[in-house]
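The structure appears below as structure tokens.
The values are calculated or read from the model by the stated rules, or taken from the named source; none is laboratory data. Remember, predicted model here, so these are calculated numbers, not experimental data. Note that we place each Cβ from the backbone using ideal geometry, even for glycine, and neighbour counts take in every protein chain shown.
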Amino acid sequence: MESQTDTSKPVLEVEGLKVQFRTRDGLVKAVRDITFKLFPGENLGIVGESGCGKSVTALSILRLIQCPPGNIEANRITFNGTDLLHSSEREMRKVRGNHISMIFQDPMTSLNPVLTIGKQMSEVIELHMGLKGKDLRSRCIELLQMVGISAPEMRLKSYPHQLSGGMRQRVMIAMAISCHPSILLADEPTTALDVTIQDQILRLLLSLSRDLHMATILITHNFGAVAGTTNRIIVMYAGEIVEMASSMELFHNPLHPYTIGLLQSIPRVYEEEQARLYSIKGRLPSPINLPKGCCYAPRCEYAFDTCMNLYPTLEERESDHYVSCWKVL
């Protein structure tokens, strides 16, 4: 399923990823048969409602799922040919933060409230790059400047609660890129930020990806966030991929009813003031008790008998445009 516009070797390959959690209520099937490739310098967006498995997919790549109760299975998860699925914990620690970095959803809870910004940044750089003393401090200052934080020398002495939400997110980005990673996983990087700051953070990520030739996976529930910042988009629903295509193709020619519904839910400034905002009826199915056929069928206005009884697989409908839907297939 690799893009025809990029014939280079993928930096990340995920094939047949399944993640399950054992709970008192039953087996939660959080992620089901996820397959995709990520190429050097590519910006990939993963979009879907809360609870569809976006974050679990990213955490699984870095093996950050607690097992048990979780369980990660896959045909393969490889980074530059290295098998991450069967790597030892010691080998994974060399990968995390060094070759593959992650920006977590809430910077306030991700940063340690009792340590200064400088101390937290220094730990990552010293561990993976071996810098100390003046070189270490200079690197921290350089990184804060790269992400647009003014007076970086002073900010190194600050604690997380002394910074605004946007500045904390910039610090998280600085820490994530500190070791020149090949891949950056950005999990809802604009959560709880106002619209102006969201735009600044997204522009910053796009600029850094381009300047550092760093592949990025942007995880979000907001189609607007991936509109001008990604090359390719994966749409997830109930733990599986329902559509995958280039960003331009997906916005101009969405095929899956769920994708169409999400796009129709985006407010448009040119619409009449009294126009009612479109919403998708129903809710996500329980990951413990999934439908027999298409998981979106109970909410889909186009569903017919086949949708209710047979599970659709992800198939290429058009060039590099994959969809999982009986109506389209």
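Figures for the structure shown
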item	result
In region 73-95, residue nearest to the chain's Cα centre (by Cα) [restricted to those that are farther than 20 Å from Val11 by Cβ and either among the β-branched types (Val, Ile, Thr) or assigned to a helix (DSSP H, G or I) (or both)]	Glu89
Enumeration of residues in region 167-223 that are among the small types (Gly, Ala, Ser) and either within 20 Å of Ser55 (Cβ to Cβ) or buried (at least 17 other Cβ atoms within 10 Å of the Cβ) (or both)	Ala174, Ala176, Ser178, Ser182, Ala186, Ala192, Ser209, Ala215
Residues being surrounded by fewer than 21 Cβ atoms within 10 Å (Cβ to Cβ) and either closer than 22 Å to Leu202 by Cβ or among the aliphatic types (A, V, I, L, M) (or both) - total across region 98-110	6
Inter-residue pairs, beta-carbon under 8 Å, first in a helix (DSSP H, G or I) and in region 242-256, second buried (at least 24 other Cβ atoms within 10 Å of the Cβ) and of a type in the set (D, E, K, R), 6+ apart	Ser247/Arg232; Leu250/Glu243
Test result for Gly224, out of contact with any Leu (no Cβ under 7 Å at 6 or more places or on another chain), part of a helix (DSSP H, G or I) and in contact (Cβ under 8 Å) with a residue 12 or more places away in the chain	yes
Identity of the residue in region 283-295, surrounded by 15 or more Cβ atoms within 10 Å (Cβ to Cβ) and in contact (Cβ under 8 Å) with a residue 60 or more places away in the chain, that ends up farthest from Gly26 (Cα to Cα)	Leu284
Inter-residue pairs, beta-carbon under 7 Å, first free of Cβ contacts under 8 Å to residues at least 24 places away in the same chain and in region 84-100, second part of a loop (DSSP other than H, G, I, E, B), 6+ apart	Leu84/Arg63; Leu85/Ala74
Qualifying helices (runs of 4 or more DSSP H) (wholly inside region 105-153; at least 1 residues being modelled with pLDDT of 85 or more, closer than 23 Å to Ile197 by Cβ and touching a Gly at 6+ places or on another chain (Cβ under 7 Å))	133-146
Scan of region 173-196 for residues that are part of a loop (DSSP other than H, G, I, E, B) and either at negative phi or at pLDDT 85 or above (or both), ordered by number	Ile177, Ser178, Cys179, His180, Pro181, Ser182, Glu188, Pro189, Thr190, Thr191, Leu193, Asp194
Only listed residue being surrounded by 10 or more Cβ atoms within 10 Å (Cβ to Cβ) and in a loop (DSSP other than H, G, I, E, B), chosen from Pro267, Pro312, Pro298	Pro312
Number of positions in region 107-143 that are farther than 18 Å from Gln162 by Cβ and either hydroxyl-bearing (Ser, Thr, Tyr) or in contact with a Lys or Arg (Cβ under 7 Å, 6 or more places away or on another chain) (or both)	4
Residues (within 17 Å of the chain's Cα centre (by Cα) and in a loop (DSSP other than H, G, I, E, B)) located in region 14-44	Phe39, Pro40, Gly41, Glu42
Unique match (being on the phi > 0 side of the Ramachandran plot and either without any contact (Cβ under 8 Å) to a residue 60 or more places away in the chain or of a type in the set (Asp, Glu) (or both)) among Asp320, Asp305	Asp320
Residue ID - farthest from the chain's Cα centre (by Cα), chosen from residues in region 237-250 that are more than 12 Å from Tyr322 (Cα to Cα) and aliphatic (A, V, I, L, M)	Met248
Residue match in region 48-71 (condition: crowded, with 21+ Cβ neighbours inside 10 Å, part of a strand (DSSP E or B) and touching a Lys or Arg at 6+ places or on another chain (Cβ under 7 Å))	no
Residue list for region 202-221, restricted to those being outside any loop (DSSP other than H, G, I, E, B) and within 15 Å of the chain's Cα centre (by Cα)	Leu202, Leu205, Leu206, Ser209, Ala215, Thr216, Ile217, Leu218, Ile219, Thr220
